[in-house]
Amino acid sequence: MPGHAKMLRFGLIGTGSWGREHARAIRQEGGQLVYVVGTQASPPADFPLEPAQYYDRFDLQRLPVVDVVDIAAPNYLHADFARKALLAGYHVLVEKPMATHLHDARNLVELSRARGKILAVGYEMRFSPLWQQVRALIQSPAFGELRWIDFSLERHPFRPGRNRWRENPNQVGSWVIEEAVHHLDLICWLVASSPQNVEVSADFPGSPPPLANLLALHLRFSSGILASYRAAINIEGHHLRLVAYGSQASVAAEWHGRTDRTREPHVSLSWRSHGDVRSVPVMEDSGEVFELNREIRNVIAAISQKTSLWLSPEEALYNLALADAVERSAIDKRTLTFHPDQIY
């Protein structure tokens, strides 16, 4: 029909549990899933394949033409697959981290600029109605000046993944860029709209890197705002708690689920001022399975309608570099200052 938007064609790499969620979200958001790439001779029996075609290798010479290559493979494959897709002229959506090494991430950002192609990175928390409402409350005049964010994660141990790749440092990179990197991005997004210098002091209490399951972190931004973060990857369930303190009020938010992919989480948000506490309703579903749909929707709009990505590749690179500084601080047991202008 004249004027009808073209259905964007997706190629998906990854047939694990999160790859299945990507396939679901692409179809629900109006994308056409053209092919799926896995590592086995045939796809898992429960993978929602049809009518997409299945391939057992990421070989762009024989794969059908698409508009977007969506990468939901193990971390160590992200950079190579994204580079090949960009070089071949495709837009790319890659799960975080975009690379396990900072220099590979820099190269991807530069390549996406040179090729004029979208490079979207899967930081889904910016798409969450809960965290968007937290940000709106922090930015309201009644909140005053933001002074301190206190954020914590307690969660169940990671799913090992096929061939236990999340337990292999050479494949996962580290557990900081597997999980905490989401929360670093959220903290930075709540603190400011532009990158800042950050004083970083981190520790892995009694747990060795790179697969440390305990992280204690203190951040001091150049604006004077403080942030503290604690992560424990060793308990039942998935629990996020955040309190943001302003000069006139504070905001408290919590997200609790049996797992990180729970479809029926317990979510709460409250506004606290002058001794009074007021509950704030969260009107839409919040959680990574819901945010993935919004992320796919944003990628489709960025390509077909030329709208902006909610998170630019430069912001994703900043976040990955900050995660690297967190690890260096913890390993070296020293406080260091992270400078955004040193990323390139």
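The values are calculated or read from the model by the stated rules, or taken from the named source; none is laboratory data. In this text the structure is predicted, and so the values were computed from the model without any measurement. Don't worry about glycine lacking a Cβ; one is built from the backbone with ideal geometry, like all the others, and counts go over all protein chains shown. We work out accessible area using only protein heavy atoms, side chains counted, and drop any ligands, DNA or RNA first. Shrake-Rupley method; radii C 1.70, N 1.55, O 1.52, S 1.80 Å.
Residue-wise test of (1) closer than 21 Å to Arg294 by Cα; (2) open to solvent by 80 Å² or more (accessible area, probe 1.4 Å); (3) not acidic (Asp, Glu).
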| site | (1), (2), (3) |
| --- | --- |
| Leu8 | yes, no, yes |
| Glu21 | yes, no, no |
| Gln28 | yes, yes, yes |
| Val37 | no, no, yes |
| Pro44 | no, no, yes |
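Of the listed requirements (1) under 19 Å from Gln342 (Cα atoms); (2) out of contact with any Phe, Trp or Tyr (no Cβ under 6 Å at 6 or more places or on another chain), Thr100 misses just one: (2). Of all the listed residues (Arg147, Arg135), the sole one being of a type in the set (Lys, Arg) and either assigned to a helix (DSSP H, G or I) or touching a helix residue (DSSP H, G or I) at 6+ places or on another chain (Cβ under 8 Å) (or both) is Arg135. Being among the acidic types (Asp, Glu) and either surrounded by 15 or more Cβ atoms within 10 Å (Cβ to Cβ) or touching a residue at least 12 places away in the same chain (Cβ under 8 Å) (or both) narrows it down to one of Asp70, Asp59, so name that one. Just a single option satisfies the conditions, and that option is Asp70.
Candidates Ser152, Ser207, Ser193: the one that is open to solvent by less than 20 Å² (accessible area, probe 1.4 Å), hydroxyl-bearing (Ser, Thr, Tyr) and not in a strand (DSSP E or B) is Ser207.
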